[in-house]
1. Where the only charges are on Cβ atoms (+1 Lys, Arg; -1 Asp, Glu), what is the dipole of the chain about its Cα centre, to the nearest 20 debye?
2. What is the order of 170, 201, fewest Cβ neighbours within 10 Å to most?
3. Which entries in the list 71/276; 79/276; 120/252 go over 25 Å, if you measure between the two C-alpha atoms of each?
4. Putting +1 on Lys and Arg Cβ atoms and -1 on Asp and Glu Cβ atoms, find which of 85, 57, 200 reaches farthest to the positive end of the dipole of the chain.
5. Quick query: amide H of residue 44 versus all other amide H atoms, modeled in the peptide plane; which residues come in under 5 Å with a sequence gap of 5 or more or a different chain?
6. Among 114, 219, rank each residue by its count of other Cβ atoms within 10 Å, from fewest to most, as a rough exposure measure.
7. Can you run phi through the Karplus equation (6.51, -1.76, 1.60; θ = phi - 60°) for region 253-264 and list ³J(HN,Hα) in whole Hz, with x for Gly and Pro?
8. Each residue of region 84-92 in turn: what ³J(HN,Hα) in whole Hz from Karplus with 6.51, -1.76, 1.60 and θ = phi - 60°, glycine and Pro shown as x?
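What follows is calculated from the coordinates using simple rules that are stated; it is not laboratory data. None of the values given here were measured: they were computed from a predicted structure. Methodologically, a virtual Cβ is constructed for each residue, glycine included, from the backbone with ideal geometry; neighbour enumeration extends over all protein chains shown.
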Amino acid sequence: MKEKKRKGINYAKWGYIFIAPFFLAYFLFTFFPQALTIYNSFFENYREGLQQIGPKFVGLQNYVDLFTPDKNGTVLILKYALNTVIIWLAGAIPQVVVALLLALFFTSYRLNIKGQQFFKTVIYMPNLIMASAFSMLFFTLFSNVGPVNQIITAAGWSDKPIDFFAYTITVRSLIALMNFLMWFGNTTILLMAGIMGIDQTLFEAANIDGANSVQVFTKVTLPLLMPILVYTVITAMIGGLQMFDVPQVLTKGLGTPDRTSTTLIMYLNNYLGGSKNYGMAGAISVIIFIITGILSLIVFRSLNRTYQEKEKRTPKRRRHD
């Protein structure tokens, strides 16, 4: 009699079954809308009053219109892209620097800070506040009759209230400050996790060799922390390019003064408002996607270059039997 073959468990099959819901949700709610957005960007499709215009295939005309200067000679999408990048950099650079310093401070074995869980909670709490509520708080604080202006006039620093929303530098600074306060806690916790994942024997070996704190940071901590640092910078950049709720609420959707605080997503939202211009909105979305991809690649390559060059220069130790 032939022996009956035992039926084994096909773990690969069950693995595909378990990850199938993710791919199904991804194709339905992410990939398909993205493809539909690209498709709509080649059509003229908007509403004018009660009349629906299109959909009519126009090819690349929507993209041509986006990069056509207005009557003042300004290419609006480039202006708003520059606004977005400036505001993001103003908030992201202090965010990463402060988060890195706090992560080094709280994970230092020399200092041995007590109550780390409490400080983590306090640092992360601003991230739990809705951006719209944060914006309304700052709008109230810095309005002409707000507490900040009352303190300034009471102290005699100014004879009249300062209109903080009439100057480009103050509006952009307030938006950058809010983004910093909301996200530096999240970045700190991520960097702390990355530092705590480094083998402590490397720090002990560096100390035995006589390395000071700066050398330990530049030669041990920073190179090994680079993967998580690249992740935090790229995710912060993606979030910055999608900035909408903070400037929208703070400037009442006007991007004051003179549209210098209007971001790309605010520009996109203008076409999704009354006119429902899905063609132009789709074209703007594609441009934002391309800008995000290019900047992400630049950040990834620039931050990893130093680490990769260091790895190439480091000689491999030969194994001695």
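1. Details: 28 positive and 15 negative charges, 331 e Å.
That gives a dipole near 1600 debye.
2. Starting with the residue having the fewest Cβ neighbours, the order is 201, 170.
3. 120/252
4. The one lying farthest along the dipole's positive direction is 200.
5. Residues meeting the criterion, in which the H sits 1.01 Å from N, are 56, 57, 58.
6. On the way: 114 8, 219 15.
Listing 114, 219 from fewest to most nearby Cβ atoms yields 114, 219.
7. Karplus-based 3J(HN,Hα) across region 253-264 equals x, 8, x, 5, x, 6, 6, 7, 10, 6, 9, 4 Hz.
8. Going residue by residue, I get 4, 5, 4, 5, 5, 4, 5, x, 6 Hz, with x marking Gly and Pro.
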